[in-house]
Amino acid sequence: MFRKQILRQSRSISEALIAPSQVRRSPFSSAPFASPRPCLPASYSFRTGRRWQSTDADKKADKESEETKTPETKEDPAKQELEKAKKEIIDLKDKYLRSVADYRNLQERTKRETESAKQFALQRFATDLLDSIDNLDRALTAVPKEALANATTSNTSSSDANAAAASESTSEAAKHLTDLHAGLMMTEGILMSTLKKHGIERFDPLEGEGRKFDPNTDEATFFAKVEGKQDGEVFFTQSKGYKLNGRVLRAAKVGVVKNS
């Protein structure tokens, strides 16, 4: 009998260790008692309890965040239309600024082209006129300076002294020559001043002390050896050059020194 009671008590203790939450009655008394819990380390129970508690708090926080986010994630049609209108405004502003910039560039380009057309409107006419000016210049240079000097002296001597009929005829011819030369000089002066008013200017590489050959304004027609001059210098002008508003209308045709 005593053994049976000991066995029952041992069974109750083992069952209490397996299921600690269940409340059992003692075989010796009618009062219920809580069976002892299994002996576990305090740190283990504390950690597991904290872990369960933290997970519950995390779940609550996730639920709250989901609840707060749900109304924001729902796309409002009015907001969508507002964003679409903002994008359209940005695109229209960009197109407007581009069109304004293109229009200003077109204005500046048209202005430059108009000014250039005004400056060089006489280019074709002046180019055709240069041949006549060259012929007039050749006519003036065809009469040597010595013949003009002799004509003037003969005119003065015939007026002072009584010469023969032959001398009178020669003096008359010399007078006509000097008058023709003076008329041509006056014509050339008026023509060049008129051309200068419209931006056409004539230049001669041999004016002054001369200069070296410039490929931007000169055209070399031949080369020759000349003593006392360096290579590349201009020693002869075949035809003078012309400029229209600073731009070369026709290059000067010159002879260049080449001693080497």
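Measuring with a 1.4 angstrom probe and ignoring ligands and nucleic acids, ILE190 comes out at about 110 Å² accessible. Rounded to the nearest whole Hz, the Karplus-based 3J(HN,Hα) values (6.51 cos²θ - 1.76 cosθ + 1.60, θ = phi - 60°) of the stretch 102-119 follow the sequence 5, 5, 5, 4, 5, 4, 5, 5, 5, 5, 5, 5, 5, 5, 5, 5, 5, 5, with x at glycine and proline. Each label was represented as a point 7 Å from its Cα along the Cα-to-Cβ direction; for SER193 and ASN259 these points are 4.3 nm apart. Sorting PHE120, PHE236 by accessible area puts them as PHE236, PHE120; the probe is 1.4 Å, largest comes first, and only protein heavy atoms count. Accessible surface for ASP179 stands near 90 Å², nearest 10, in the context of the full protein assembly shown (1.4 Å probe).
Label-to-label distance, LEU206 versus ASP134, with points set 7 angstrom from Cα along the beta-carbon direction: 1.6 nm.
Over all orientations, the stretch 201-259 has a Cα convex hull whose mean projected area works out to 3.7 square nanometres. The modelled label-to-label distance between ILE90 and GLU113, using points 7 Å beyond Cα along the C-beta direction, is 3.6 nm.
Cross-linked pairs LYS111/LYS197; LYS111/LYS212; LYS111/LYS196; LYS196/LYS229; LYS175/LYS197: Cα-Cα separations exceed 26 Å for LYS111/LYS212; LYS196/LYS229; LYS175/LYS197.
For ASP231, nonlocal amide neighbours, meaning residues 5 or more places apart or on other chains whose placed amide H falls under 5 Å from its own, are ASN259. Within the assembled protein chains, the solvent-accessible surface assigned to SER132 is about 70 Å², based on a 1.4 Å probe.
The values are calculated or read from the model by the stated rules, or taken from the named source; none is laboratory data. In this text, all values refer to a predicted model and were calculated from it rather than measured experimentally. With ideal geometry, Cβ positions are generated from the backbone for all residues, glycine too; neighbour counts draw on all protein chains shown. Please note that ligands, DNA and RNA were not included when accessible areas were found on the heavy atoms of the full protein model with its side chains. Shrake-Rupley method; radii C 1.70, N 1.55, O 1.52, S 1.80 Å.
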